[in-house]
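Below is one structure, written out as structure tokens; comments come after it.
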Amino acid sequence: MQTRSTQVSQEVASNPGRTLRRSLWLAGAVVFALSMVIAATALPVFSRQPAAPQASPTSTISGVQCVIGCENIKPNSKGTISVVPTGLQFATDKDTAAISTASIEDIFVGNQSRQDVSGVGGTIAKAAIPYGGGRIVSLFSHKVEVLSVEYVDSNGGFHGAIYVLPVGQATSFRDQLVAQGAKVSAHVDAAVAPEEKQ
Amino acid sequence: MKTVTRAAFPSIFAVVATGAALLLGGSLVAQPGPAGKPTAAPQQPLKLTASAIQIERTDPPEDLQVPEDFRISTYENVILQVEKTKKFGHVYRSGDRRAADAPDLIILRMVPQAYKAGSQKQREVTTVSGGTSIKIRVTFSHRDGKVLLEKDLDGKVRFFGDNLRATYDFAKKVADVVNESF
């Protein structure tokens, strides 16, 4: 062992350029291998575009907020929305509200942003942060999509229901309902119109 | 002593009789008038009466763009708040065929006059800007079109809550008008 290390030392001493090249080549190989591994693991993440949920329609989403208009369900309740063969269904732990496809008169999709920290608890927490730190927390928000459905009941009474869904999902739901035969009129999206109009 | 008592009796009688006459006169003046004739003293606004109301969907003018979710939220919130007042036997939705048979039906129409979209983030960060507001003309009318009451009401959200909360604020004001007028 001692003899071999002595030989290597002698070799390095006799040809330092060759040793340097070999070291560089080894380092490059290691870096290349590592980058290939990282690229392979990151590929599915980068290939998942925001529009991917539209490409593969999901017919059930949980954690959706029904802002208003769900029959027998309190406003701002959270539950599961799904497209069933008969139409649209929203279910909470206690109740279920269904809208048949034939009764739908129009569907609208809009964009909004929601605060990450909101509600009574969030407001109190933000107010409790000293030196106005709560305002910094208020800067954090996320985009959501709003699905508005207009429909009529068996007596001809007009109803409207508003749901808040993750980005991309509302469009998917609208497309599925349209495919089932729901009526949708051509309209201008007022959500992207100029913000102020007096 | 006996002579003194007899002499005082007429004067005491006169005082008592005058007092009784004053009390009687005062009570007659204070009595309410006959039924159906409003008295002049308490000026109360005339209350409208109806057993049913039909709430029409909000219909903005062509030159005013109001987001659909805002229109739907306004309509649904007004229905919820008017139902809560319990002033009407039936609250019919727009287009409900059963309203045609209601004997004394009042129709509530809402026409948006102005809309200002705000930003929840801006409101919470600045507390002085980013408010959302909507101004709507509310009209209560008979089935034949005769207008009974017309008011401009607004809904606002200034500090906390999302933009649609302005429609809840507006609906509460409609309920206040219903409570005052019916």
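The values are calculated or read from the model by the stated rules, or taken from the named source; none is laboratory data. Predicted model, so just to flag it, every value in this text is computed and none were measured. Note: ideal-geometry Cβ built from the backbone for every residue, glycine included; neighbour counts use all protein chains shown.
From the list B:Thr167, B:Thr58, pick out the single residue that is of a type in the set (Ser, Thr, Tyr), outside any loop (DSSP other than H, G, I, E, B) and either free of Cβ contacts under 8 Å to residues at least 40 places away in the same chain or under 21 Å from A:Leu147 (Cβ atoms) (or both). If you could, list the steps in order and put the result at the bottom.
Working: B:Thr58 fails: outside any loop (DSSP other than H, G, I, E, B).
Criteria check complete, one pass: B:Thr167.
Can you tell me which condition B:Lys47 does not meet? The list is (1) buried (at least 18 other Cβ atoms within 10 Å of the Cβ); (2) more than 24 Å from B:Gln113 (Cα to Cα), and all the others hold.
(1)
Within segment A:159-180, is there a residue that is in contact with a helix residue (DSSP H, G or I) (Cβ under 6 Å, 6 or more places away or on another chain), within 14 Å of another protein chain (Cβ to nearest Cβ), crowded, with 18+ Cβ neighbours inside 10 Å and modelled with pLDDT of 80 or more?
Yes; the residues of segment A:159-180 include at least one that is in contact with a helix residue (DSSP H, G or I) (Cβ under 6 Å, 6 or more places away or on another chain), within 14 Å of another protein chain (Cβ to nearest Cβ), crowded, with 18+ Cβ neighbours inside 10 Å and modelled with pLDDT of 80 or more.
I'd like to know if segment A:110-121 contains one or more residues that are in contact with a helix residue (DSSP H, G or I) (Cβ under 7 Å, 6 or more places away or on another chain), at pLDDT below 90 and basic (Lys, Arg). Working first, answer last.
Kept after step one, since they are in contact with a helix residue (DSSP H, G or I) (Cβ under 7 Å, 6 or more places away or on another chain), are these residues of segment A:110-121: A:110-111, A:113, A:115, A:117.
From what's left, at pLDDT below 90: A:110-111, A:113, A:115, A:117.
With basic (Lys, Arg) added as a condition, the list becomes none.
The answer is no, given that none of the residues of segment A:110-121 is in contact with a helix residue (DSSP H, G or I) (Cβ under 7 Å, 6 or more places away or on another chain), at pLDDT below 90 and basic (Lys, Arg).
What do you reckon, is A:Tyr151 out of contact with any Cys (no Cβ under 9 Å at 6 or more places or on another chain), more than 8 Å from every other protein chain (Cβ to nearest Cβ) and closer than 24 Å to A:Ser185 by Cα?
Numbers: out of contact with any Cys (no Cβ under 9 Å at 6 or more places or on another chain): yes; more than 8 Å from every other protein chain (Cβ to nearest Cβ): yes; closer than 24 Å to A:Ser185 by Cα: yes.
Considered against the rule, which asks whether it is out of contact with any Cys (no Cβ under 9 Å at 6 or more places or on another chain), more than 8 Å from every other protein chain (Cβ to nearest Cβ) and closer than 24 Å to A:Ser185 by Cα, A:Tyr151 comes out as yes.
For a quick check of your reading of the model, give me the residue pairs whose first member lies in segment B:171-182 and is more than 14 Å from B:Lys86 (Cβ to Cβ), whose second is among the acidic types (Asp, Glu), with beta-carbon atoms closer than 9 Å and at least 6 apart or on different chains.
Pairs that qualify, where the first residue is more than 14 Å from B:Lys86 (Cβ to Cβ) and the partner is among the acidic types (Asp, Glu), are B:Ala171/B:Glu76; B:Lys173/B:Asp154.
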